[in-house]
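Below: one structure, written as C-alpha cells.
Just so it is clear, none of the values below were taken in a lab; they were calculated from the coordinates. Computed from a predicted structure; not experimentally measured. Ideal geometry is used to build each Cβ from the backbone, glycine not excepted, and the neighbour counts take in all protein chains shown.
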Amino acid sequence: MAIALAERAELALHVVHDERVAAFVALGLGLEGVPAVLLCTSGTAAVNFHPAVVEAGSSNVPMIVATADRPPELRGIGSPQTIDQVDLYGRAVRWFHDARVPDEADPASWRPLAQRVFSTADGGPVHLNLPFREPLLGRAGALPDTIGPPLPVPRGIAVGGPLDDYVDRQRGVIIAGGGHGQPVTTIEALAERLGWPVLADPTSGCRAFAQSVTAFDPLLRHDDFARAHAPDLVVRFGRAPASKVLSQWIAASRAPVIQVGGPGVIDPDRNVVAFCSIDELAPLSGAAGTPWMARWRHANAQAETAIDAAVAELPMSEPGVARTVAAALHDDIELVVSSSMPVRDLEWFGGPAARAHANRGANGIDGVMSTALGKALGGRPMIVVVGDIAFVHDSNVLVGLRARNADLRIVVIDNGGGGIFSFLPQAATLDGDRFEQLFGTPHGTDVLALAAAHGIAAQTVDTLGELAEAVRAPGPSVIRVVTSRADNVRHHELLNAAVAAVQR
Ligand SMILES: Cc1ncc(C[n+]2csc(CCOP(=O)(O)OP(=O)(O)O)c2C)c(N)n1
Ligand SMILES: [Mg+2]
C-alpha cells in the first residue's frame, strides 16, 4: 500500500514517525474539505491514530484511515504485531470496513469500495482495514477503470418545530461558533436584516462584521451589562463558543435557542427549541428601528478600547499574546490555537482580527501542533499558539520538521503547567502542593532545548513588541513566552475590571 500510494503522482506524500502526530496532520489536511489518506502498519500503530479520529468524528472532518492488518487466519493466535482491529475506533468513524485480502481475480470490487469510502469520508472519518498475506511486498499494478464521480451521501438534517412563536422577537442575538459551514456573508446579511449583534468566536470567521461583538465574555462578566442586555431569542450558528459566561447568560435568560445547520446536535444546556436551515429564518422580523444594535456596538467598541489600553499597561500577559498574534494575521497567515487558555484568550481578548482553527470537537490539548502542520502543508504560513503542556504533549511534531516544506511558527505560552486550573475552585480549596501535583503539573521541560534538539530555531521573547516581530518571520520556529499562572489570574481580573469600568 505504501509503495502504491507513493507512486501516485497526484498524491502528496508525507512520512511521519509518530502515528499520533500523523493522524492529527491528516486532520489538519482534511480541514480544507478533501480527506487525507492515513496509512499505517498493523498493531498499536493503528491505535495511535485514535485521538485524531475521535476529533475528526466530532468535527465532521473528512479522513480516510487505512490500517494494514493480518489476514483472518492469523488473527487471535498470537501472531506478531497482530491485534483486534475490527471496529477499532468504535462509533467515532462514519463507516468501518474490513476488506478482504486483495485478490487480483476480483478487481471489479475495488472501485466501488473506494467510491463508497471516499463518499462517506466527506462527512467524517472512515476506517478501511486492509489485511494482507505474505509476501508483504508487491508491485503496484494498473488500477481498474474509473467508474464516475463519488456518490453523494445523504446527511441527516434534524428539523424541529415551527418558528411561529418567535417571529416577533426583538432582543435577539446571533451566536457564531466553529463548524457552522455557512458562507460568512450569509450570517452577516442575516444580522444586518435583523439588526442583531453577532457574538462571534474566532473559529467562526465572523469577528470582523460591523455588527460583531468580540468582547462578549468580558462584557457579560459585568452583571449590570448582562442584565440590561438579556436576550429574548438566540440564533446560533455552529458550536457554542468556549465562554461559560456566555452559555450561563443565555441559560439564565431562558431565551429559546434556534440552531441553524450543523455540526450535529449542539445542545448541552438543553435550550435549543428548533434545528433549522437559514432559509427557515425568513419570517423573523428582528429589531429594526430600535436602539438594540447600537447599544451593543457602542459597548463593544468601548470594551475593545479598554482592553487595548489595559494590555498595553502590562509588559507581558497571556491575553496580550492573543491580541498581538491576532493583530499579526494578514490575508495569507492562518492561526491554530490549543484548547485550555489559548483558545479562551483569543475568544475573549483577541479583538476583531482574531480568526483561528481550534480542535473543539473533543477539546483535546493533544495533536494541536500536528493539526497546524497538516494545515501548513497546504502551503500557507501558519502560526500555532499552544500552552506548555500542549507543547510537550505533541512535541514529536518537531521530528523531521526542519526538512518539511512547512512554515510553522510555534508560539509556546510557558507558564510552567496547566494555567487554566488556577481559575477553578480547586486552586483556592486545595493545599498548594496538592494542587501543583494534581492540577498545576509543572513538567520542568526546557522548551528551547527541546526545539534545539530537533534543529528548530527557538527563542524567548520578553515583550509583546518582540513577539509581534518574531511571529512575522518565516518558520519553522519556536517562540517562547514566559508567563506565570498566578499573574495570569490577576491579569484577567484586571482586564475584566477595565471593561466593566467603561460600561457606566
Ligand atoms: C489530551 C488531553 N488531556 C488532558 C486534557 C485536560 N486539560 C485541559 S486543559 C489542560 C492543561 C493544559 O495546559 P497548557 O497546555 O500548558 O495550557 P494552559 O492551561 O497553561 O493555558 C489539561 C491537562 C485535555 N483537554 N486533553
Ligand atoms: Mg501552561
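Listed values, structure above:
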| quantity | calculated |
| --- | --- |
| Residue-averaged 222 nm ellipticity for the chain, from DSSP H runs of 4+ at -39500 (n - 2.57), nearest 500 | -9500 deg cm²/dmol |
| Longest to shortest principal axis, alpha-carbon extents of the range 1-145, angstrom | 38, 37, 26 |
| Prolate/oblate/rounded call for the range 164-298, Cα gyration tensor, a/c under 1.5 rounded | rounded |
| Label zone at residue 41, where the point sits 7 Å out along the Cα-to-Cβ direction: the range 98-141 residues whose backbone N lies under 19 Å | 129-139 |
| Additional length obtainable on full extension of the chain from residue 139 to residue 232, 0.36 nm per residue less Cα span | 27.0 nm |
| Gyration tensor verdict on the chain (Cα atoms; rounded if a/c is under 1.5, prolate if a/b is larger than b/c, oblate otherwise) | oblate |
| Degrees, to the nearest 10: 292-313 long Cα axis against longest axis of the chain | 80 degrees |
| Sites residue 147 and residue 282 - FRET efficiency at Förster radius 45 Å, r taken between beta-carbons, to 0.05 | 0.65 |
| Hypothetical label at residue 437: residues of the range 390-430 whose amide nitrogen lies under 15 Å (7 Å Cα-Cβ projection) | 430 |
| Protection proxy ranking, peptides 409-417, 130-138, average beta carbon neighbours within 10 Å, highest first | 409-417, 130-138 |
| For the chain, share of DSSP beta bridges that run antiparallel, in % to the nearest 5 | 0 percent |
| Two-decimal ratio, the range 80-132, of alpha-carbon radius of gyration to 2.2 N^0.38 Å | 1.23 |
| Order by protection proxy (mean Cβ within 10 Å, highest first), peptides 343-354, 379-390 | 343-354, 379-390 |
| Peptide ranges 267-274, 246-253, 174-181 listed from the most packed, as the mean C-beta count within 10 angstrom indicates | 174-181, 246-253, 267-274 |
| Burial ordering of 460, 290, 203, 120, fewest other beta-carbon atoms within 10 Å first | 290, 460, 120, 203 |
| Cα point-scatterer Debye curve for the range 1-85, base-10 log of I(q)/I(0) at q = 0.11, 0.26 Å⁻¹ | -0.32, -1.26 |
| Dipole of the chain [Lys/Arg +1, Asp/Glu -1 at C-beta], most positive-end residue of 437, 284, 457 | 284 |
| Translational diffusion of the range 314-501, µm² s⁻¹ [Kirkwood Rh, Cα pairs; Stokes-Einstein; 37 °C; 0.692 mPa s] | 197 µm²/s |
| Cβ-derived FRET efficiency at R0 51 Å, residue 449 paired with residue 9, nearest 0.05 | 0.80 |
| Size of electric dipole in the range 304-359: Cβ of Lys, Arg +1 and of Asp, Glu -1, about Cα centre, debye, nearest 20 | 120 debye |
| Contour minus Cα-Cα distance for residue 427 and residue 380 (0.36 nm per residue) | 12.9 nm |
| At R0 = 35 Å, FRET efficiency that the Cβ-Cβ distance of residue 501 and residue 165 yields, to 0.05 | 0.35 |
